[in-house]
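Report on the structure given below.
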Amino acid sequence: LHQQAEQTCKQLVRTQEEYERLLQAAVEQAEGLEHNLRSAEAVLAERAAQLKDAQAQLSRNKLLIEDLHEESREFAMALQAAELKQKSTEEKNQLLEEQASALKQLIGKITPASLSG
């Protein structure tokens with residue numbers, strides 16, 4: 001009976017040691033998982049900050065593009081006005097050239113007549 005009690009006691013000690021080893025392994029695994037979780041949270045926080053910065057940059061770029069479109073529209077209108085003015089000026093120049101040519105012809109007719117008379 002004494003020997004059986006010793007064997008049972010040794011078995012209990014071995015069981016207790018195995019339980020403690022398993023418990024220690026579980027604690028270490030939990031600590032590792034907790035560390036991984038903290039690392040993942042840090043990475044996610046960094047990515048969220050990067051995305052927030054990218055979104056802010058996109059918003060600024062969108063405003064810049066809108067400004068460029070407005071400037072482009074204004075430039076196109078100014079260019080159209082300049083083209084119309086140039087066309088009008090060319091038409092006036094053509095008219096002036098025709099008038100100058102007519103004047104030259106008239107002067108040419110008047111001058112010989114006055115010289116001979």
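The values are calculated or read from the model by the stated rules, or taken from the named source; none is laboratory data. Please read all numbers here as calculations on a predicted model, not as lab measurements. In case anyone asks, the SASA skips ligands and DNA or RNA and just uses the protein heavy atoms, side chains included. Shrake-Rupley method; radii C 1.70, N 1.55, O 1.52, S 1.80 Å.
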Query raised in the report: Per residue, how much accessible area does region 1-84 show when a 1.4 Å probe rolls over the protein heavy atoms, in square angstrom?
Result: 94 Å²
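Counting each DSSP H run of 4 or more residues in the chain as -39500 (n - 2.57), what helix-only mean residue ellipticity at 222 nm follows after dividing by all residues, to the nearest 500 deg cm²/dmol?
Working: 1 runs with 115 residues, N = 117.
When only DSSP H runs of four or more count, the value is -38000 deg cm²/dmol.
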Report summary line: Across L106, L23, L68, the residue with the highest GNM fluctuation in the chain (Cα network, 10 Å cutoff) is L106
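Can you give me the % of accessible surface on region 59-117 that is carbon or sulfur? Probe 1.4 Å, all protein chains present, nothing else counted. It would help to have the intermediate numbers written out before the result.
Values: 3410 of 5560 Å².
Roughly 61 percent of what the probe reaches on region 59-117 is carbon or sulfur.
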Query raised in the report: How large is ³J(HN,Hα) for each residue in region 77-90, as worked out from phi by the Karplus curve 6.51 cos²θ - 1.76 cosθ + 1.60 (θ = phi - 60°), to whole Hz, x for Gly and Pro?
Result: 5, 5, 5, 4, 5, 5, 5, 5, 5, 4, 4, 4, 5, 4
Query - Accessible surface of region 1-43, 1.4 Å probe, proportion on carbon and sulfur as whole % - result: 59 percent
Query raised in the report: What residue among E83, E41, E20 shows peak mean-square fluctuation when the chain is described by a Gaussian network model with Cα springs under 10 Å?
Result: E20
Requested in this report: Please report, to one decimal in angstroms, the Kirkwood hydrodynamic radius of the chain built from all distinct Cα-Cα pairs.
Outcome: 25.2 Å
